[in-house]
Each structure stands twice: as C-alpha cells, then as structure tokens.
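Asks: One structure follows; several queries about it will come next.
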Amino acid sequence: MAVTALGGAFAGGWFAAPPDLTYTPAVPASQPVVVTGTHARDWKNSNVWPTLGNRAGDRGPGHEAMEIWLSGGYGPHSRLIATGQDSRSAPYYGVYEPSGQVLFSGTVPGMPRVTLVDSGGQLLRYATGNMPDKTVYTAPAPRADGVAMETPPLALNWNTDSGEPFPLAVPPWLTHLQVEGISGKDATWRPLKVTDGLTAPIPQFKAAIGSSDLVDAQGDCGYGALIRADNTLEEGSDETETFAYRPGWPYAVRLTYLADHNQYHGAAPLDQEYIRRMAGALLCDGPGIDRFRPASEVIWRPLWRGTPDGGGDEVAVLDQEVSYPQGQGYLNHTRDGMIEVGVHKASVFNTLVSNYENSNTPETATSVGCLKTATGIVVVGPTAAGTTRLVDPATGDHWTAHGNVLQVPKSQLPAKSDDLAASATTAGKGGPTDTGTCTWP
C-alpha cells in the first residue's frame, strides 16, 4: 500500500454521511441481552471507552453480535471465528444478564459497516450489509487488568484475505497520531488522520529486519507499521504511547520500554534503529508472538549493552515480556524471555531465553541467558542481580562477578562440550536466585 494514501484517503467520501446518534431498537433476543454505549462527549465522566463511529447511536448490530457470540455461532447463516483463548461455547453468566458495550459502530470506506462490542471479557467484531452470512470474530478483550482506559487502538478488519483496508479505532484521549515503517525511507514519522475515532488505512510497510530466522509461515513477514500518539491522560514525560500493528491483528500491541527497574510506564524509543528492529520482529511472529494468540503489550527491559567479542559488533540484551489478554474477567497472562539484538548490525537477532510456551511456569522458568562468542561466554541475568555465577558441574570450576553480567574468556572454559550452570542472585539478604544453562562450546 502506498504511503501517499495517508494524505488523500479522506478525499471523496470519507464519512460523507453525518453522524447518526439516534437509538435503533434492539434486535429481538433469544436471551436477555443488554447492549449499552457511551457518548463520545461523556468519556471523561464515565472513565470508559466511548462509542465511536458515525452510527454510534445504533445498538442493533451490537445486540445481534452478542446473540451470535452467545449461541456459539450455530444460528441460521451464522459463524463465530475465535482468536486466542476463547471457545465457540456460550459463556457462563449465572444469574447475571449478559451485556455488551458498543465501542465502535459506523460505516467504513472500502468496507462493510463495522461494529465492535466489548462483552466484558471478549472483543467482538461484526460486519453488516451485503454479506453472505453473519460472521462474528472474537478475541480476548485487550484491557490491561480490566482497565478500559488502557485499551490499545482496535482493528476494524481482522481478515487479511478480505482485500479491504486496515483502519483502526482510537479513543479520544489518544491524539496527534503518527505512523512510520521499520527501516530505510519508511522509518519517518508522518501524520495519521483520524475522523470520528477512525484512522485512515494503516500502510503495510515492509520490515527488512535482516534476520533469516524470523520468517512468517505465510511468507508475509514484517508487514505492518509503528504508531505513536500523545496520551492526554498522562502527564509529563509519560505522555507518549507507542504501538506496533500488523494487518489481521485484532488490536495494536502497546510497546513499553522500561529503562529503570522502578519505572512502570515508558514509550519505546523508536528513534533508535535497533528498537525499531525489535518491533519489526514482532510483526514477523518473533519471540512471544503467535498469530493464534493475540498479545496486547510488549515490555522491554534493557539488561546489558556491550561488545561480547571485545571490540566486535555491539549488541543489546533485553528482557522481553509479552502480555496476553485472557478475557472473561481474568487478569492478563504474561510470559517473558531474553533477546539479543545487534545495535548497528541488522543481521543479529537471537532468542537467548524463551519462556513463552504454556508448559513453563514463572516459578521454574529460565531467566538467565548466555551469549556464546568466539572469545568466550557472556552470562546475563536480571538487572536486580547482585552476583552472577557460572559453574561447570563436571569439574566444579566456577566463575563469579558482581552485578548482573559475567564474562568468561574462552581460555578458561572446558575444552569438551558441557552444559554449564548459570545463576544470578538478587542483592540483599534472602534475595531470590534465577537460573539458566549455558551449553559450551
């Protein structure tokens, strides 16, 4: 998609019809479904995502979407396409009436009319108009621990094979939106126009991240964009939000960079090339990203930056935590790992520790990583570590360093292949010890 579409997409018909805020009676229901919405002007008083779009007052499609979801998609000419940890079965709601909040309802240029509904745990996407069947897409709602104001921009098109554009719905507290690509001439911020809570189509930039290991199964690795916006809910240096978006995702992924372990919020510094390449890896189904399990936030914590070969190419090692919404009232589920990325050399991108699979638990997951180089091993642990240690179980030889980084030269390491035990102990009395394994050579 040409980038120039940003400048002229709204000419000739974008939202030519005036907003319709009248109420349309609910579709007759087989279950006692309640569908609500909040006027855009009232969002500051209610602390919720308002109903966006130029048909914001029409609850009918939202009601119908809820019915299809509650029926599991088994009604006449109905389908339910679930993404993530949802199921086709109707949710259990006990003595409570099932309810939904319409987040977006409107006509979208180049697409059918689209409605987004938050059911309290699931995000429903429903298109109406000249459609062969009634199809509802569903994914776990991306709210951070149930906080609606933390919801990222929401996609209006979840189907990459539709041939339709990929605009986003954005809440009114996100302003001055900009978009850019990952690399080369695309890596330049340009304005992203928003009308009635709807962005212009998101360009599909190609991310040349340089690693042959990050190849998507469908061959479309790296298509998407980076987005940043001013968050008017925040104050001071935290007012910027950054996101990555790939066509087909149900929502954009918030990118958070925590330079200090006491920091709780921070936009990713996408002006740095290697940070953009880490975001590009997410678009390529890189570590922690699964097309069948949507993520809502990625948090990066820098652990070490240096030249492991003593004068060679500089690399950065970061903890990468991925947050997966669970839906249905559960808190977000987080898994983390450790990645190595070349600061200046684009071909360097490695996963040192991966705890993204469900089989691992936080209590037993590896959190100490090893960089193997031609000149030795660099052991990297959490930033809170006061002591880092490497042990050869076969001989009892061991090496120790203060802090979270230990460098051991090749001349001191065993000549034969061996699994070395790595550990990092948090400073202070009774501090926990994290572990890992370094295979040498």
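Values quoted throughout were computed directly from the atomic coordinates according to the rules given, and no laboratory measurement underlies them. The model shown is predicted, which means the values in this text are computed figures rather than measured ones. Positions of Cβ are backbone-derived with ideal geometry, glycine not excepted, and every protein chain shown enters the neighbour counts.
Asks: Please go through the residue pairs Lys44/Lys193; Lys345/Lys410; Lys345/Lys416 and name each one whose alpha carbons sit more than 25 Å apart in this structure. Before the final figure, lay out the partial values.
Replies: On the way: Lys44/Lys193 22 Å; Lys345/Lys410 23 Å; Lys345/Lys416 31 Å.
Over 25 Å Cα-Cα: Lys345/Lys416.
Asks: At a Förster radius of 30 Å, what calculated FRET efficiency corresponds to the Cβ-Cβ distance of Tyr74 and Glu357, to the nearest 0.05?
Replies: 0.40
Asks: Kindly state, to the nearest 0.05, the FRET efficiency for Ser411 paired with Ala384, given R0 = 35 Å and r defined as their beta-carbon distance.
Replies: That pair, Ser411 with Ala384, gives E of 0.70.
Asks: Let me ask another. Relative to a virtual label point 7 Å from the Cα of Asp313 in the Cα→beta-carbon direction, which members of the stretch 261-304 show backbone nitrogen distances below 16 Å?
Replies: Backbone N within reach: 273-278, 281.
Asks: Add +1 for every Lys or Arg and -1 for every Asp or Glu among the other residues with Cβ under 11 Å from the Cβ of Arg305, and state the total.
Replies: Summing Lys/Arg as +1 and Asp/Glu as -1 gives -2.
Asks: For the stretch 376-433, state which trypsin sites (Lys or Arg not before Pro) are in a DSSP loop and have at most 14 other beta carbons lying within 10 Å of their beta carbon.
Replies: Listed in order of number, the matching sites are Lys416, Lys429.
Asks: State the extension gain, in nm to one decimal, for the chain segment bounded by Trp189 and Ser99, taking 0.36 nm per residue of separation less the distance between their alpha-carbons.
Replies: Full-extension gain reported as 28.4 nm.
Asks: What number in nm² do you get for the stretch 367-441 if you take the convex hull of its Cα atoms and divide its surface by four?
Replies: Values: hull surface 18.0 nm².
Average of the hull's projected areas for the stretch 367-441 equals 4.5 nm².
Asks: For a footprinting-style exposure proxy, rank Asp336, Asp186, Asp313 by other Cβ within 10 Å, fewest first.
Replies: Result, fewest neighbours first: Asp313, Asp186, Asp336.
Asks: On a full-extension model of 0.36 nm per residue, what is the gain between Gln272 and Val391, subtracting their alpha-carbon distance, rounded to one decimal in nm?
Replies: 39.2 nm
Asks: Counting only DSSP beta bridges with both residues in the stretch 232-318, tell me the antiparallel percent, nearest 5. List each step's numbers first, then the result.
Replies: Values: 8 of 12 bridges.
That works out to approximately 65 percent antiparallel.
Asks: Give, in nm to one decimal, the length gained when the segment between Phe292 and Thr334 is fully stretched (0.36 nm per residue of separation minus the Cα-Cα distance).
Replies: 13.5 nm
Asks: Ok, one more. Which three semi-axes in whole Å describe the equivalent ellipsoid of the stretch 150-199, each the square root of 5 times a Cα gyration tensor eigenvalue, listed largest first?
Replies: Those come to 19, 18, 10 Å.
Asks: Let me ask something additional. Counting other C-beta atoms within 10 Å, which of Leu80, Leu156 has the fewest, and how do the rest follow?
Replies: Ordered from fewest to most neighbouring Cβ atoms within 10 Å, Leu80, Leu156 come out as Leu80, Leu156.
Asks: To the nearest 0.05, how large is the calculated FRET efficiency for Thr375 and Val34 if R₀ is 56 Å and r is the Cβ-Cβ distance?
Replies: E between Thr375 and Val34, to the nearest 0.05, is 0.30.
Asks: Name the residues whose placed amide hydrogens come within less than 5 Å of the amide hydrogen of Lys134, ignoring near sequence neighbours (fewer than 5 apart) on the same chain.
Replies: When sequence neighbours closer than 5 places are left aside, the close amide H contacts are Ser78, Arg79.
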